[in-house]
Amino acid sequence: SAVISQKPSRDICQRGTSLTIQCQVDSQVTMMFWYRQQPGQSLTLIATANQGSEATYESGFVIDKFPISRPNLTFSTLTVSNMSPEDSSIYLCSFGQVGYTFGSGTRLTVV
Amino acid sequence: QKEVEQDPGPLSVPEGAIVSLNCTYSNSAFQYFMWYRQYSRKGPELLMYTYSSGNKEDGRFTAQVDKSSKYISLFIRDSQPSDSATYLCALNSNSGYALNFGKGTSLLVTP
């Protein structure tokens, strides 16, 4: 089965800065999903990224804050912009059709 | 009411016990049901996948879906310390669509 490589695995960032998270899949996939997992909470969908079109964002998430790129069928990035401590979380990418594969996650701490 | 409810635990059992993990849901359109295992500082790993109602068994793991009650379960037989992790249920209404997750249940299996 296909494998996702996600990086960085963790980072500590200053408030007001931005961090770009990358996910690389070893085969072509149509849709990729970006989730946020806050401590003690379930995974929350941020957006769905389809190659060749704008990402679709869920309620509460906006493109200016979480811009996503999907330049081809194997790669996607999520940027967390103008960070505040409330953005401290684990960010995960995923793909799938029947059963879904997840990246190992990016643990972000904003100080 | 959240779409997917899952008791976060923690649940502590002795090695060899049978573990029962459960989720309830409110959206009758859900027809794909998954269980994920997540170890600390790792991404979720797909354990079981079922479509519609019924049982599915894979080794020590059994997944049950009761759509009439909107209730899903994961049973772990002969639990091992290596089963200690957070277990997340995930549901969606169409294959290829984003998942709706429960909060996850933290399981500790003690030797």
Unmet criterion (only one of (1) open to solvent by 80 Å² or more (accessible area, probe 1.4 Å); (2) of a type in the set (Asp, Glu); (3) in contact (Cβ under 8 Å) with a residue 12 or more places away in the chain) for A:GLU54: (3)
Output for the stretch B:22-39, where each listed residue is of a type in the set (Lys, Arg) and not in a strand (DSSP E or B): none
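Collect the residues in the stretch B:42-52 that are of a type outside the set (Gly, Ala, Ser) and facing chain A (nearest Cβ under 7 Å), keeping them in residue-number order. Break it down into steps so the answer makes sense when it comes.
Going residue by residue through the stretch B:42-52, those that are of a type outside the set (Gly, Ala, Ser) are B:42, B:44-51.
Matches in the stretch B:42-52: B:LYS42, B:PRO44, B:LEU46, B:TYR49.
Kindly indicate whether A:SER1 is assigned to a loop (DSSP other than H, G, I, E, B) and open to solvent by 40 Å² or more (accessible area, probe 1.4 Å).
Details: assigned to a loop (DSSP other than H, G, I, E, B): yes; open to solvent by 40 Å² or more (accessible area, probe 1.4 Å): yes.
Answer is yes for this residue.
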Residues satisfying the stated conditions in the stretch A:19-51, i.e. under 10 Å from the mean Cα position of the chain (by Cα), more than 19 Å from A:VAL110 (Cβ to Cβ) and hydroxyl-bearing (Ser, Thr, Tyr): A:THR48
Test set (1) within 14 Å of another protein chain (Cβ to nearest Cβ); (2) open to solvent by 40 Å² or more (accessible area, probe 1.4 Å); (3) more than 16 Å from B:ASP83 (Cβ to Cβ) - B:SER28 fails condition number: (1)
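Before we move on, is B:PHE75 assigned to a strand (DSSP E or B), touching a strand residue (DSSP E or B) at 6+ places or on another chain (Cβ under 9 Å), without any contact (Cβ under 8 Å) to a residue 60 or more places away in the chain and within 14 Å of chain A (Cβ to nearest Cβ)? Explain how you work it out, then say what you get.
On the way: assigned to a strand (DSSP E or B): yes; touching a strand residue (DSSP E or B) at 6+ places or on another chain (Cβ under 9 Å): yes; without any contact (Cβ under 8 Å) to a residue 60 or more places away in the chain: yes; within 14 Å of chain A (Cβ to nearest Cβ): no.
No: the conditions fail for B:PHE75.
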Number of positions in the stretch B:89-104 that are within 7 Å of another protein chain (Cβ to nearest Cβ) and either outside any loop (DSSP other than H, G, I, E, B) or touching a residue at least 60 places away in the same chain (Cβ under 8 Å) (or both): 6
The stretch B:4-21 - residue that is assigned to a strand (DSSP E or B), over 18 Å from B:ALA90 (Cβ atoms) and open to solvent by 70 Å² or more (accessible area, probe 1.4 Å) and, of those, farthest from the other protein chains (Cβ to nearest Cβ): B:PRO14
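The values are calculated or read from the model by the stated rules, or taken from the named source; none is laboratory data. All values reported here derive from a predicted model rather than from experimental measurement. Here Cβ is always computed from backbone atoms with ideal geometry, including for glycine, and neighbour counts include all displayed protein chains. Note: areas computed on protein heavy atoms with side chains; ligands, DNA, RNA excluded. Shrake-Rupley method; radii C 1.70, N 1.55, O 1.52, S 1.80 Å.
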